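Trainee: Pasting a structure here, questions to come.
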Amino acid sequence: MSRAIRRYVNSKEEMEYDRGLSAEEMQAAKLRKAFVQKFIADFDTNFYKTQEERDWGYVVRREYRYDVTYTSLVDGWACAAAVSMVRMFQTKRFSWAPYFVVWPIAYLYFQPIKFLKHNKKYFDMCNLGETYYLGRERNKVLVECNRILDREDF
């Protein structure tokens with residue numbers, strides 16, 4: 001993606017996340033997240049039969065890794081560093097304990113938030129059409145999402 005498109009998509013996701021999601025939108029987001037988790041994040045995309053599926057699976061997985069996993073790790077580290085600084089100010093000595101305690105907890109806190117924010121982008125990136133297995137499975141989930149949201153969006 002170009003920088004301008006990436007900036008536009010990111011601002012669109014931020015606005016959508018900030019306004020909040022209705023109950024129907026949350027159900028659709030859960031379906032999209034389950035699809036991405038099953039067919040991209042927890043699956044070796046090299047096992048897809050066609051080159052297009054492998055390529056797009058790789059791209060979506062890389063985006064997932066950077067947007068969700070790595071940024072959650074960095075946010076967790078930032079929280080642990082802040083707690084460590086406060087602890088250092090209190091005790092007047094350095095302690096590694098906040099890193100071992102706060103970092104994993106903060107990662108587990110931020111990871112679902114980031115995934116909820118970006119799930120539609122990953123789901124839309126898997127739009128390969130009915131001729132490919134990944135596209136067929138995506139369209140099955142899309143039909144269910146459209147039924148939940150009461151819209152026609154193909």
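The values are calculated or read from the model by the stated rules, or taken from the named source; none is laboratory data. Keep in mind the model is a prediction, meaning the values are calculated, not measured. Cβ placement follows ideal geometry from the backbone for every residue including glycine, while neighbour counts extend to all protein chains displayed.
Trainee: Considering (1) modelled with pLDDT of 85 or more; (2) farther than 22 Å from K140 by Cβ, say which one E14 fails and leave the rest.
Mentor: It fails just one condition, (1).
Trainee: If we keep just the residues of region 136-150 that are in contact (Cβ under 8 Å) with a residue 60 or more places away in the chain and of a type outside the set (K, R), which is surrounded by the fewest Cβ atoms within 10 Å (Cβ to Cβ)? Don't jump to the end; show me each part of the working.
Mentor: Filtering region 136-150 for residues in contact (Cβ under 8 Å) with a residue 60 or more places away in the chain gives 137-138, 141, 144-145, 148-150.
Restricting the remaining residues to those that are of a type outside the set (K, R) gives 137, 141, 144-145, 148-150.
Details: E137: 15, V141: 19, E144: 15, C145: 22, I148: 16, L149: 14, D150: 7.
So, considering only residues that are in contact (Cβ under 8 Å) with a residue 60 or more places away in the chain and of a type outside the set (K, R), the one surrounded by the fewest Cβ atoms within 10 Å (Cβ to Cβ) is D150.
Trainee: Still on this structure: Identify all residues within region 111-127 that are part of a helix (DSSP H, G or I), closer than 27 Å to E52 by Cβ and among the hydrophobic types (A, V, I, L, M, F, W, C); write none if there are none.
Mentor: Matches in region 111-127: F115, F123, M125.
Trainee: Mind telling me which of the residues D67, D75 ends up being modelled with pLDDT of 95 or more, among the charged types (D, E, K, R) and crowded, with 16+ Cβ neighbours inside 10 Å?
Mentor: Values: D67 fails: modelled with pLDDT of 95 or more.
Within the list D67, D75, the selection yields D75.
Trainee: List pairs: first in region 112-123 and more than 14 Å from L142 (Cβ to Cβ), second of a type in the set (F, W, Y) and surrounded by fewer than 21 Cβ atoms within 10 Å (Cβ to Cβ), Cβ under 7 Å, 6+ apart or cross-chain?
Mentor: Pairs that qualify, where the first residue is more than 14 Å from L142 (Cβ to Cβ) and the partner is of a type in the set (F, W, Y) and surrounded by fewer than 21 Cβ atoms within 10 Å (Cβ to Cβ), are K117/Y17.
Trainee: Also: Suppose we keep only residues that are among the hydroxyl-bearing types (S, T, Y) and part of a helix (DSSP H, G or I) within region 1-55. Which one would you say is nearest to the chain's Cα centre (by Cα)?
Mentor: Initially, region 1-55 is screened for residues among the hydroxyl-bearing types (S, T, Y), giving 2, 8, 11, 17, 22, 45, 48, 50.
Pick out the ones that are also part of a helix (DSSP H, G or I) and you get 8, 11, 17, 45.
Details: Y8: 17, S11: 15, Y17: 12, T45: 17 Å.
Result: Y17.
Trainee: Report, by residue number, each residue of region 87-104 that is free of Cβ contacts under 8 Å to residues at least 24 places away in the same chain and surrounded by fewer than 14 Cβ atoms within 10 Å (Cβ to Cβ). Write out each step before concluding.
Mentor: Within region 87-104, the subset free of Cβ contacts under 8 Å to residues at least 24 places away in the same chain is 87-101.
Within region 87-104, M88, F89, Q90, T91, K92, R93, F94, S95, W96, A97, F100, V101 qualify.
Trainee: Please state which one of K33, K49, K12, K92 is within 15 Å of M125 (Cα to Cα) and out of contact with any His (no Cβ under 6 Å at 6 or more places or on another chain). Spell out how you get there, then give the answer.
Mentor: Numbers: K49 fails: within 15 Å of M125 (Cα to Cα); K12 fails: within 15 Å of M125 (Cα to Cα); K92 fails: within 15 Å of M125 (Cα to Cα).
Being within 15 Å of M125 (Cα to Cα) and out of contact with any His (no Cβ under 6 Å at 6 or more places or on another chain) holds for just one of K33, K49, K12, K92, which is K33.
Trainee: Moving on to the next point. Can you pull out the residues in region 86-110 that are aromatic (F, W, Y), out of contact with any Gly (no Cβ under 7 Å at 6 or more places or on another chain) and either within 15 Å of V74 (Cα to Cα) or part of a helix (DSSP H, G or I) (or both)?
Mentor: Applying the first criterion (aromatic (F, W, Y)) to region 86-110 yields 89, 94, 96, 99-100, 103, 107, 109-110.
Then keep just the ones that are out of contact with any Gly (no Cβ under 7 Å at 6 or more places or on another chain); that gives 89, 94, 96, 99-100, 109.
Of everything in region 86-110, those that are aromatic (F, W, Y), out of contact with any Gly (no Cβ under 7 Å at 6 or more places or on another chain) and either within 15 Å of V74 (Cα to Cα) or part of a helix (DSSP H, G or I) (or both) turn out to be F89, Y99, F100, Y109.
Here is a yes/no grid of residues against (1) crowded, with 18+ Cβ neighbours inside 10 Å; (2) without any contact (Cβ under 8 Å) to a residue 60 or more places away in the chain; (3) under 18 Å from G135 (Cβ atoms); (4) not hydrophobic (A, V, I, L, M, F, W, C):
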position: S2; (1), (2), (3), (4): no, yes, no, yes
position: E14; (1), (2), (3), (4): no, no, no, yes
position: G20; (1), (2), (3), (4): no, yes, no, yes
position: A23; (1), (2), (3), (4): no, yes, no, no
position: F35; (1), (2), (3), (4): yes, no, yes, no
position: F47; (1), (2), (3), (4): no, yes, yes, no
position: Q51; (1), (2), (3), (4): no, yes, yes, yes
position: D55; (1), (2), (3), (4): no, yes, yes, yes
position: Y58; (1), (2), (3), (4): no, yes, yes, yes
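Trainee: If you don't mind, another one. Are any residues in region 8-42 closer than 19 Å to G57 by Cα and in contact with an Asp or Glu (Cβ under 8 Å, 6 or more places away or on another chain), and if so, which ones?
Mentor: Those that are closer than 19 Å to G57 by Cα and in contact with an Asp or Glu (Cβ under 8 Å, 6 or more places away or on another chain): L31, F35, F39.
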